[in-house]
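Notes for the one structure printed next.
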Amino acid sequence: MKPLPPSEWADWNDERLLDLRLSDLLLDLPGSSVEPLIAQVRQELAERDLRIHPHFWLSDEWFCPDGVPGVAIPFYLAHPRLARLEQSQMLEVEGGSPEWCLRILRHELGHALENAYRLRRLKRRRELFGLSSRKYPQFYTPKPYSKSFVLHLDSWYAQSHPDEDFAETFAVWLTPGSDWAKRYQGWKALQKLEYMDALMKSLAGKRPAVTNRRCPEALRSLRKTLREHYETRRGHYGVGEADLYDRDLKRLFSSEPEHAGNPTASRFLSRLRKEARRAVGTWARERQYTIDQVLGDMMERCRGLNLRLRGPEEEARSQFLILLTVQTMHYLHSGRHRLYL
């Protein structure tokens, strides 16, 4: 099948669009909302006299391949119709705002720069950040209050692997006006930032050793359908084990006959769902889809246990937001925190 331009599919409904293969989407970065943001981060590199010239291409997710001084950008950022599909399938658009997109671009440029100058070989880099050869975990357990790592992307991402720690530290260093020396004063992470500052100054004006323009997993090579793509992604962020919530839900709601005339807990949570997801996401720094899965499992248990409100809705609302936050944090600390890498 010949790739189709947006004029062919932009008006399709989700069900029809999901049957398209990724390779069927005729898309490009020039003219997209990402193009000026790419220009901005390139300018930020130039202002530091870093001579890397990263290239960018469309794929199915954000990533920077080993040995490539470039960055793959997810296809849905190249067209607003695909961004809406992403929202409907994943409940958020990763990198969908200019600020969020810039944060991810700076992070991925950290990987690209490390590839370009082969920085993983440096002894001090290995001492401060750890070995790149360490296997990426399927799960990791973040420590939200650790001061050994910078805070840049959500989910305390710097803690997941030494390479992510380096990229996150670089992103904080590169961000204009971040005032990292003041912000991280008293943190162990400041030592990494000071090293990053000295390292980048030593690279200023130097040509990178690696300059290939490879584009692994480019969009035109991906034969899976959008439906298959999203089924896989949702599988990575699933939670399960809903019966773990029973005790807490029974404390908050009731199945006693005296409350039989009250609204059902599941209906109450359905009305609260969007607000709760956003409120907990702001505090817990976790993906909307994961929070929604926890919430959805709780609603299912409420139906199964025939639970209803005990008292005023406003009181139940505040108590449930606390419960959802606790359960989300428990998920983070339980060793079941899933990475999509």
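The values are calculated or read from the model by the stated rules, or taken from the named source; none is laboratory data. It should be emphasised that the depicted structure is a prediction, and the values quoted were computed from it without experimental measurement. Cβ: placed from backbone, ideal geometry, glycine included. Neighbour counts: every protein chain shown.
Observations on the structure shown:
- For the stretch 250-291, a residue qualifies if it is crowded, with 16+ Cβ neighbours inside 10 Å and in contact with a strand residue (DSSP E or B) (Cβ under 7 Å, 6 or more places away or on another chain), and the qualifying residues are PHE253, SER254, HIS259, ASN262, THR264, ALA265.
- The lone exception for ALA158 - which of (1) among the small types (Gly, Ala, Ser); (2) surrounded by 16 or more Cβ atoms within 10 Å (Cβ to Cβ); (3) within 21 Å of VAL210 (Cα to Cα) it fails: (3)
- Meets criteria (at pLDDT 95 or above, out of contact with any Leu (no Cβ under 7 Å at 6 or more places or on another chain) and outside any helix (DSSP H, G or I)) for ALA209: yes
- Consider the stretch 212-223 and keep the residues that are out of contact with any helix residue (DSSP H, G or I) (no Cβ under 6 Å at 6 or more places or on another chain) and surrounded by 12 or more Cβ atoms within 10 Å (Cβ to Cβ). The one that is farthest from MET90 (Cα to Cα) is ASN212.
- Only one of the listed residues (ALA83, ALA116) is part of a helix (DSSP H, G or I) and surrounded by 22 or more Cβ atoms within 10 Å (Cβ to Cβ). That residue is ALA116.
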